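J.: Can you read through this structure? Questions will come right after.
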Amino acid sequence: MIEFDDVTKVYDDGTVAIEDISFTVEAGTTTVLVGPSGCGKTTTMKLVNRLEDPTEGTVRFDGTDIEKLDEIELRRDVGYVIQEIGLFDHMTVGENVSTVPELKGWEQARIDDRVDELLSLMDLPAEQYRDQYPGELSGGQRQRVGVARALAADPDVMLMDEPFGALDPITRENLQNEFLDIQAEINTTILFVTHSIDEALKMGDRIAIFDVGELVQYDTPDEILSNPKNEFVEDFIGDDRTLKQLQVTPVREVMAESAAEHERVAGAGAGAVETAVDGDAIPVAPTDSTQVALSRLIQTGSDALPVVDDGDVVGVVTESAIREGGT
């Protein structure tokens, strides 16, 4: 989908923002660009919609050098979400969301349907929020509108530059969770910039770690935690790698599919497991992190948690399975 081929960006004052960057972003995935301030991650992202152009090398969009694409049309085809949100205060929520479809010449009925669809997706019912103004919304609601506006023209690619950075921790976590659910539905290709390794590990299918213009490691969250490339990556991850591993490991990777299977592999009594599951245990989903499951086990004092998918119990998960990394 997006290819960076030996890309270098040098500003007029001689500052080297990035040097010899090469990596590929696969369609339908979320790639998080992370690193300390001034490392080149935002510059890299801006190359995709030609807010910046490379000094050397090539950025390709679906195999085409983006410098051969009309930059105005390209920007209308690429969704863009920023930390400051950038909503037009004099326009209603519906008018903000419909901005790009109107620029692209969509028919009004199609625009109206798309606005209603996206506001519903963002948990902002159109009948309640369409005619409100940004100043009447909370920070989290405004950020949702910003995401809806970026998605309005159904872009193949969406750029997100510190989208949740200005929000309080609780709102930020809630929006992260909501966006992961939304991404599972829309399957858009996303480049996501953050300075937080925790956010990168949570949001990314793949993570690009930058240091002073250099792409140090480009890998899956699990691989980065298991095999950091060098001391910089180790230090950037921090000392709590084990806890972070729980964050990126889904329950489905450690659950037993039945109490009998749990008895076979762990030596625990199936009856004991079933009793725990049928009691006060709080269920988890296969897609929940093992960090969530461990917290609920400790919170309830349960021996095991039921793993529920679409209303059906599909397995059990225990503390020992989580600590061992699987059964």
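The values are calculated or read from the model by the stated rules, or taken from the named source; none is laboratory data. As the structure is a prediction and not an experimental result, all values here were calculated from the model. Neighbour counts run over all protein chains shown; Cβ positions are idealised from the backbone, glycine included. These accessible areas exclude ligands, DNA and RNA; they are computed on the full protein's heavy atoms, side chains included. Shrake-Rupley method; radii C 1.70, N 1.55, O 1.52, S 1.80 Å.
J.: Identify the GluC sites (Glu not before Pro) of the range 7-109 meeting these criteria: DSSP loop state and at most 15 other C-beta atoms within 10 Å of the C-beta.
T.: Hits after loop and neighbour filter: Glu26, Glu84, Glu107.
J.: Sticking with the crude label model, points 7 Å out along Cα→Cβ, report the distance from Ala109 to Ala166 in nm, one decimal please.
T.: Using points 7 Å along Cα→Cβ, the separation is 3.8 nm.
J.: Net charge near Leu119, counting Lys/Arg +1 and Asp/Glu -1 over other residues with Cβ under 14 Å of its Cβ?
T.: With Lys, Arg at +1 and Asp, Glu at -1, the net is -4.
J.: Just for the chain, what percent of DSSP beta bridges are antiparallel, to the closest 5? Don't jump to the answer; show the numbers that get you there.
T.: On the way: 26 of 46 bridges.
Percent antiparallel among DSSP bridges in the chain is about 55.
J.: Continuing with this model, one more query. Lys9: which lysines have alpha carbons under 26 Å from its alpha carbon, excluding same-chain residues fewer than 8 sequence positions away?
T.: Once the sequence-local lysines are set aside, what remains near Lys9 is Lys41, Lys46, Lys68, Lys229.
J.: Helix-only estimate, please: 222 nm mean residue ellipticity of the chain, summing -39500 (n - 2.57) across DSSP H runs of length 4 or more and dividing by its residues, to the nearest 500.
T.: -11000 deg cm²/dmol
J.: So if each residue of separation counts as 0.36 nm, and I subtract the Cα-Cα distance between Asp116 and Asp65, what length gain in nm does that give?
T.: 14.9 nm
J.: Here's another thing I want to ask about it. So, for the chain, what is the accessible surface per residue at a probe of 1.4 Å, expressed in square angstrom?
T.: 48 Å²
J.: Would any residue of the range 11-54 have its amide N under 13 Å from a label point 7 Å out along Cα→Cβ of Met91? List them or say none.
T.: Answer for the range 11-54: none.
J.: Ignoring ligands, DNA and RNA, what percent of the accessible area of the range 36-129 is carbon or sulfur (1.4 Å)?
T.: For the range 36-129, the apolar C and S fraction of the accessible surface comes to 43 percent.
J.: Follow-up question, since we're still on this one. How about the range 72-124: which chymotrypsin sites (Phe, Trp or Tyr not before Pro) there are in a DSSP loop, with at most 16 other Cβ atoms within 10 Å of their Cβ?
T.: Phe88
J.: A further question on this structure: Under the rule that an exposed site lies in a DSSP loop and has at most 15 other Cβ atoms within 10 Å, name the longest stretch of the chain with no trypsin sites (Lys or Arg not before Pro) of that kind, not counting the sites themselves.
T.: With a cap of 15 other Cβ atoms within 10 Å, the longest stretch comes to 105-228.
J.: On to the next question. Is any residue of the range 35-73 close enough, with backbone N under 17 Å, to a label point placed 7 angstrom from the Cα of Val212 along the Cα-Cβ axis, and if so, which?
T.: Only 35-41 pass the distance filter.
J.: Take the solvent-accessible surface of the protein heavy atoms, probe 1.4 Å, and return the percent of it on the range 163-232 that carbon and sulfur atoms account for.
T.: Exposed carbon and sulfur together represent 44 percent of the surface.
J.: Separation of the range 1-33 and the range 299-321 by C-alpha centroid, Å?
T.: 42 Å
J.: Ile72 label point, 7 Å along Cα→Cβ, cut-off 14 Å on backbone N: hits in the range 87-117?
T.: 103-105, by backbone N distance to the label point.
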